[in-house]
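Bear in mind these aren't lab numbers, they're just calculated from the coordinates by the rules spelled out. In this text the structure is predicted, and so the values were computed from the model without any measurement. Cβ coordinates were reconstructed from backbone atoms using ideal geometry, including for glycine residues, and neighbour counts include every protein chain displayed.
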Amino acid sequence: MKFGPTTGVVLALLVTASASPALAQSTEGSHNPAVKSSAPHIVAAPARGSNSFTQAQARGRLSKAGYLHVTKLMKDQSGAWTGSATKGGKHVSVALDYKGNITTR
């Protein structure tokens, strides 16, 4: 069997075309994104982990979620930003984890 110079090109194109779908990975439905979306989420307990939010970013996310008068904002031993705030006229303790989730007490 004889192969011409175009046979190698055709084989290379076939290999490339068949491998492309495997290389294209979707981030939709990711099981553990660092920050799921720009909208803050209210959860029962903050996730433990290193928090990359600055204090200003943490304050901004809390404000975006409707918390006013955020004070005493500092990182705790689990990596979450914790502090005090007011929402709906009630004074609450708040925490913002590395995923952007908000917890209140």
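Multiplying the residue separation of residue 45 and residue 68 by 0.36 nm and subtracting their alpha-carbon distance yields 6.2 nm. Label positions at residue 55 and residue 90, each projected 7 Å from the Cα along the C-beta direction, are separated by 2.8 nm.
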